[in-house]
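Heads up: the structure comes next, in structure tokens.
The values are calculated or read from the model by the stated rules, or taken from the named source; none is laboratory data. Just so it is clear, the model here is predicted, and its values are computed rather than measured. Using ideal geometry, Cβ is built from the backbone for each residue, glycine included, and neighbour counts are taken over all protein chains shown. Calculation scope for accessible area: heavy atoms of the full protein, side chains included, ligands and nucleic acids excluded. Shrake-Rupley method; radii C 1.70, N 1.55, O 1.52, S 1.80 Å.
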Amino acid sequence: MSDPSTLSRRYSTMVVAALALIALTCVAFLVPVPYVTMRPGPAFNTLGDFDGKPMFTFGKDVKTYPTSGSLDFTTVSVTRADSHVPLADAISGFFNSDVAVVPKSLIYPDDQSATQSTAESAAQLTGSKDSSRVAALRAAGYKVTGTTTIGGVVKGGAAAGKLRAADLVTAVDGTKVLTPADTIKAVGAHKPGDTVRLTIRRKGVTQDIPLVTRPDAKDPSLPRVGVTLGTTYRYPFKIDNNVGREIGGPSAGTMFALAIYDKLTPGELTGGRKVAGTGEMADDGTVGPIGGIRQKMAGASKAGAKIFLVPATNCSEATDGDDDGLMLVKISTLKDAISSLEKLAKDAKATVPSCS
């Protein structure tokens with residue numbers, strides 16, 4: 001028979017070990033891990049109001065048409081850059097089909113701060129508003145022109161002290177340029193060290209600015225002048241997108257464009273139904289891929305949508321799991337989206353491109 005004192009010591013040791021294991025387990029579940037979670041966010045009707053005012057307002061004397069139903073843009077709720085996901089939350093997320101747990105570096109590269117992330121997201125939203133206006137207006141038959149614009153000047157670069165943000169670039173070496181791609185191609189025809197002449201318009205005054213190109217830091221064979229480029233558009237009339245800064249990123253562009261088009265053209269795209277979707281919109285009407293497609297589908301379903309517009313390049317991910325009761329309509333362009341919705345508005349059983 002064992003000595004009672006020995007049994008007591010063994011029991012005490014076991015209790016201490018058990019308590020230590022429990023403590024370590026609790027600590028482990030509270031320790032933050034380098035992941036973020038992506039969860040379904042709210043859906044917003046682009047044909048309706050946002051923060052108490054119409055999501056879209058149009059200039060004076062612009063003819064608009066009645067709409068019905070809804071064209072919802074969908075969102076994803078992502079862990080903030082300055083927040084940490086406890087291990088327990090990460091583990092529970094892996095077992096929730098509506099939640100994605102991904103490495104933090106995929107969402108916030110290079111240890112991006114919350115302030116930097118917010119600024120980038122806001123800039124993406126601004127670009128999305130512009131490109132969706134352009135694409136929708138052109139689809140509705142209006143002419144929209146654009147001018148290449150200096151978005152920023154690299155400190156210490158060839159253009160520093162010579163070009164300014166918001167300068168309009170109208171020509172390179174005397175040849176007219178219409179787009180940033182035209183400008184890049186014209187500058188790229190030179191060799192590093194060559195002088196290139198940019199014709200710009202600044203505050204209504206046109207002037208020629210000679211710049212000596214410099215070699216690219218990564219590829220010395222490429223000439224650079226040290227600027228970022230964008231486009232300034234001239235619209236036929238005013239269209240205000242009243243979505244605030246609390247929504248960020250470019251993925252609402254497709255639904256923005258559809259709402260503008262629906263309001264500017266006769267007929268109704270929705271057929272009175274609740275339609276949701278996503279997709280980055282380029283000014284030429286191309287629909288680009290987005291992140292968080294599964295979370296956006298879940299959010300759309302919870303909001304009552306039955307039709308969901310999916311960028312073609314997101315289709316494989318969208319069909320990797322339950323369809324959440326949604327008809328997944330595949331789109332590559334704004335024209336695709338318009339065509340499919342028009343068909344479905346007339347016949348709910350119409351055959352349209354599908355992800356399935």
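To keep it simple, each residue is scored yes or no on (1) of a type in the set (Gly, Ala, Ser); (2) surrounded by fewer than 11 Cβ atoms within 10 Å (Cβ to Cβ); (3) touching a Phe, Trp or Tyr at 6+ places or on another chain (Cβ under 8 Å); (4) assigned to a loop (DSSP other than H, G, I, E, B).
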residue: Ile200; (1), (2), (3), (4): no, no, no, no
residue: Ser221; (1), (2), (3), (4): yes, yes, no, yes
residue: Thr232; (1), (2), (3), (4): no, no, no, no
residue: Ile247; (1), (2), (3), (4): no, no, yes, yes
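Only residues that are more than 28 Å from the chain's Cα centre (by Cα) and among the polar types (S, T, N, Q): list them for segment 171-195, please.
Initial filter on segment 171-195 (more than 28 Å from the chain's Cα centre (by Cα)): 171-176, 186-195.
Across segment 171-195, the qualifying residues are Thr175, Thr195.
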Test: residue in segment 328-335 that is among the charged types (D, E, K, R), buried (at least 21 other Cβ atoms within 10 Å of the Cβ), at pLDDT 95 or above and more than 27 Å from Thr37 (Cβ to Cβ): yes
Filtered residue count, segment 309-325, keeping only those that are without any contact (Cβ under 8 Å) to a residue 40 or more places away in the chain and not in a helix (DSSP H, G or I): 5
Of all residues in segment 145-193 being in contact with a Lys or Arg (Cβ under 6 Å, 6 or more places away or on another chain) and hydrophobic (A, V, I, L, M, F, W, C), the one that is most open to solvent (accessible area, probe 1.4 Å): Leu168
Restricting segment 117-157 to residues that are in a strand (DSSP E or B) and out of contact with any helix residue (DSSP H, G or I) (no Cβ under 8 Å at 6 or more places or on another chain), the residue that is farthest from Val36 (Cα to Cα): Thr145
Within segment 199-223, tally of residues that are closer than 16 Å to Ala160 by Cα and in contact with a helix residue (DSSP H, G or I) (Cβ under 8 Å, 6 or more places away or on another chain): 2
Boolean, Ala298 is within 21 Å of the chain's Cα centre (by Cα), buried (at least 18 other Cβ atoms within 10 Å of the Cβ) and assigned to a helix (DSSP H, G or I): yes
Which numbered condition Val212 misses (of (1) closer than 27 Å to Asp283 by Cβ; (2) in contact with a strand residue (DSSP E or B) (Cβ under 8 Å, 6 or more places away or on another chain)): (1)
